[in-house]
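Here, each number is a calculation from the coordinates, and none is a lab measurement. Computed from a predicted structure; not experimentally measured. Neighbour counts run over all protein chains shown; Cβ positions are idealised from the backbone, glycine included.
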Amino acid sequence: METKEMRAAYVETITALAEKNKNIVVLEADLMSCTNTGSFKKAYPGQFFNVGIAEANMIGVAAGLSSVGKIPFASTFGCFASRRVFDQFFISANYARLNVKLIGMDPGVTAAFNGGTHMPFEDLALMRSIPRLTIVEPSDPWNCADFVRQAAETYGSVYLRLPRKAVPVLYTGADKFPFGKARVFKEGKDLCFVALGSLMVNESIRARELLAAEGIDAGILDVLTLKPIDREAVVTQASKVKAVISAENHQINGGLGSAVAEILAESGFRGKFARVGVMDEFGEVGTQDYLTKRFGLDGETLAQKARDLLR
């Protein structure tokens with residue numbers, strides 16, 4: 001299967017946009033070698049700001065740039081983009097109705113060897129609480145690029161959550177991914193995985209394959225936008241199946257699972273529902289494959305959860 005780095009999709013897109021729009025600026029907290037924005041700095045040094053290891057200050061600078069008409073994209077690790085700068089992002093960017101695009105890289109277990117301190121399992125719960133904020137998590141490089149373009153073209157703050165490294169390509173350049181719309185990746189008759197992000201969409205694909213060998217038909221709804229979430233798509237897919245399972249690379253509380261539970265409860269869904277996510281734990285050091293299994297986010301765990309619900 002073809003793969004591509006998410007950070008490459010981000011940087012290639014923002015560089016192409018900056019060529020035509022000089023108001024686009026990129027801010028970094030001294031992580032250019034990790035986020036790959038060094039190439040942007042080389043191409044457009046006048047549109048690049050490295051604020052050093054001072055993430056909260058970076059958000060303040062981004063807010064100031066937005067207030068004078070710039071379109072700032074500020075990137076750092078997801079742990080710093082959420083826990084460390086939450087108040088600055090809440091007040092200086094969102095409460096002030098400004099146009100700051102915050103990139104949180106290496107969410108959840110994709111932080112891998114950076115370990116528990118750098119492993120945000122709670123960033124979505126924090127960001128969901130901010131009024132009017134758009135929250136997106138791409139599932140492949142094509143919708144990552146499309147989200148970056150939309151963020152640049154749409155006024156308002158955005159939280160873009162993405163892994164840095166290579167992920168499978170699931171869509172094509174001809175596909176469009178408007179904010180607020182989910183994508184039915186696969187239809188199913190027995191149950192539906194409602195998945196967010198590249199890791200969990202791909203693990204849901206693995207679970208679907210395992211279940212298909214047993215005669216169980218599982219669908220996959222690729223959420224893409226957590227806020228505003230596509231309520232209609234969730235309800236529509238739920239109405240076609242006996243069970244729904246949310247799948248997220250995040251703490252089980254406050255993120256996708258909570259959002260889907262709210263939708264299903266309010267819609268009167270009478271089928272079975274379960275959440276798959278990190279079960280009230282801190283992160284730890286390990287390979288991504290090990291951590292995916294360790295925290296029960298893998299396709300085998302998803303498949304077993306499906307069997308349990310349908311039994």
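The charge dipole of segment 1-55, taken about its Cα centre with unit charges on the Cβ atoms of Lys, Arg (+1), Asp and Glu (-1) only, comes to about 220 debye.
Quick check on segment 3-168: of the DSSP beta bridges with both residues there, what percent are antiparallel, nearest 5%? The antiparallel proportion sits near 10 percent. Coupling constants for segment 30-36 follow from the phi torsions by the Karplus curve (6.51 cos²θ - 1.76 cosθ + 1.60, θ = phi - 60°), and in residue order they are 6, 10, 4, 5, 8, 8, 6 Hz; glycine and proline get x.
Distant-in-sequence amide contacts of Gly104, defined by a placed amide H-H separation under 5 Å and a gap of 5 or more residues or a different chain, comprise Leu160, Arg161, Leu162. Projecting the Cα atoms of Ala93, Asn143, Gly104 onto the dipole axis of the chain, where Lys and Arg carry +1 and Asp and Glu carry -1 at the beta carbon, places Ala93 farthest toward the positive end. Checking (1) 33, 19, 18; (2) 45, 38, 18; (3) 31, 24, 17 against semi-axes √(5λ) of the Cα gyration tensor in Å calculated from these atoms, the matching label is (1). In segment 183-310, the DSSP beta bridges split such that about 15 percent are antiparallel, to the nearest 5. Here segment 150-206 is treated with +1 on each Lys and Arg Cβ and -1 on each Asp and Glu Cβ, and its dipole about the Cα centre works out to around 120 debye. The loop-placed trypsin sites (Lys or Arg not before Pro) in segment 20-84, going by DSSP, that have at most 12 neighbouring Cβ atoms within 10 Å of their Cβ come out as Lys22. Between segment 173-200 and segment 1-79, what is the separation of their alpha carbon centroids in Å? About 27 Å separates the Cα centre of segment 173-200 from the one of segment 1-79. Over the chain, DSSP H runs of length four or greater, each weighted -39,500 (n - 2.57), average out per residue to a 222 nm ellipticity of -10500 deg cm²/dmol. Taking chymotrypsin sites (Phe, Trp or Tyr not before Pro) in DSSP loop conformation with at most 15 other Cβ atoms inside 10 Å as exposed sites, the chain has its longest uninterrupted site-free stretch at 1-154. About its Cα centre, segment 3-168 has a charge dipole of approximately 280 debye under the convention of +1 per Lys or Arg Cβ and -1 per Asp or Glu Cβ, with nothing else charged. Using a cutoff of 8 angstrom between alpha carbon atoms and counting only pairs six or more residues apart, the relative contact order for the chain works out to 18 percent. A rounded overall shape is assigned to segment 3-168, the ratio a/c of its alpha-carbon gyration tensor axes (a ≥ b ≥ c) being less than 1.5. Over 26 Å between Cα atoms: which of Lys4/Lys242; Lys42/Lys70; Lys4/Lys41 fall into that group? The pairs that break the limit, which is 26 Å between Cα atoms, are Lys4/Lys242. Checking the Cα-Cα distances for Lys181/Lys305; Lys176/Lys227; Lys20/Lys227; Lys20/Lys181 against a 21 Å cut-off, the pairs over it are Lys181/Lys305; Lys20/Lys227; Lys20/Lys181.
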